[in-house]
Amino acid sequence: MSQLLSRMFKGLSSATFGLRYGLDGLLYDRKRWSTTFAALKNCANGGPVLVVGNGPSLNKTPLDEFAAVTSIGMNKIDMLYPRVTWRPTLVMTMNAVVVKQHGDTIVNVNDQAFISFKTRHFLSKNSRDKAKFFLEKPGTPFSTDPSKYVALGPTVTYSALQMAYWMGADPVILFGVDHSFKFAGSPLAYEKMKGDDPNHFDPNYFKDSLWGAPDNVGMERCYAESRHAFERDGRRILDATIDGKLQIFEKISLDEAFSQCGIAQPLNSAGC
């Protein structure tokens, strides 16, 4: 009997999951965001784009020297802003917990904040009016056209890589994607972090707050799919994360990252 009930609840959960995303697909207004996405298409023009994670290695990464390089930040990256002059070209967020905790700040302190449409109800009305939304679709391959949809994955870095592809990045250079987490419990389970956060660049990132435990296997699957999508188009994703543990992408040093970006000293020109 218990097994039957378990299967019933699992089936109900899957049906609700599909219904929610199906309804989002009907409600999402692509025309409203068509100009926004069109402006980003190939804006990097085959040049480098940084995809900047939130790992502790950012505390050793001289982002200010990459201030002129087009970049994508994620989630609560603004918690780094008091310590750096660097600012990302745009920021992406898809996690409902992050949007509930910090979404209004993300929208209001970043020039371009792209928020998953599924999390819109966690924003204040003013923030909903300012934010730019992208549509996530589960069970879909890596999207080369995020103006239509962004493939759902267990990390916002996957969303950012799809956006970087759309922007014409070659190469993408990863910073702060440490791929090393300390947590208890099961992957993707929500739990309260007790005390300082050891997994992000700021100990207050999820301190004493709810967060979603990472799914390393799922993330690696999405990263591999991203690598293959770029390679099919003759493009690359390079990993310059300092002491990063991810083994999916070609590793490069900080000096090589400077070279890829044509940096001999801090630049002053703008990106996209």
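Below, the figures for the structure above:
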| quantity | calculated |
| --- | --- |
| Separation of the HIS121 and LYS137 label points, Cα + 7 Å toward Cβ, nm | 2.3 |
| Surface share of carbon and sulfur [accessible, 1.4 angstrom probe, percent] for the chain | 52 |
| Net charge of Cβ neighbours under 9 Å - reference ASN59; Lys, Arg +1; Asp, Glu -1 | +1 |
| Relative contact order (%) - criterion: Cα under 8 Å, at least six apart; region: the chain | 23 |
| Mean Kyte hydropathy of -0.5 or more with a Cα span along the axis of at least 27 Å, helices from DSSP in the chain | 2-27 |
| Relative contact order (percent, whole number), the range 162-272, Cα cutoff 8 Å, 6+ residue spacing | 31 |
| Assigned charges on the beta-carbon of Lys, Arg, Asp, Glu; the chain dipole about Cα centre (debye) | 1080 |
| For the chain, with +1 on Lys and Arg beta carbons and -1 on Asp and Glu, the positive-most of MET219, TYR149, VAL172 along the dipole | TYR149 |
| 14 Å beta-carbon shell around SER71, net charge (K/R +1, D/E -1) | -3 |
| Stretch gain in nm, segment GLU250-LEU19, where the contour uses 0.36 nm per residue and the Cα spacing is subtracted | 79.3 nm |
| Longest to shortest principal axis, alpha-carbon extents of the range 172-272, angstrom | 42, 33, 25 |
| Length added when fully stretched, LYS100-LEU188, from 0.36 nm per residue minus Cα-Cα | 30.0 nm |
| Those lysines that a straight Cα-Cα span of less than 19 Å connects to LYS192, excepting residues fewer than 8 apart in one chain | LYS76, LYS100, LYS182, LYS207 |
| Gyration tensor (alpha-carbon) shape descriptor, the range 53-141, a/c threshold 1.5 | prolate |
| Environment charge of VAL177, counting only residues whose C-beta is closer than 14 Å and scoring Lys/Arg +1, Asp/Glu -1 | -1 |
| Identified option (computed Cα extents along the principal axes in Å; candidates [x] 67, 44, 39; [y] 56, 50, 35; [z] 47, 44, 39) | [x] |
| Residue-normalised accessible area of the chain, expressed per residue, 1.4 Å probe, Å² | 48 |
| Length gained when the stretch GLU220-THR36 is fully extended (0.36 nm per residue, less Cα-Cα span) | 63.3 nm |
| Prolate/oblate/rounded call for the range 54-210, Cα gyration tensor, a/c under 1.5 rounded | rounded |
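The values are calculated or read from the model by the stated rules, or taken from the named source; none is laboratory data. Small disclaimer: the values here were computed from a predicted structure and weren't measured. Positions of Cβ are generated from backbone atoms using ideal geometry, with glycine treated the same way; all protein chains shown enter the neighbour counts. Surface accessibility is based on the protein's heavy atoms, side chains included, excluding ligands, DNA and RNA. Shrake-Rupley method; radii C 1.70, N 1.55, O 1.52, S 1.80 Å.
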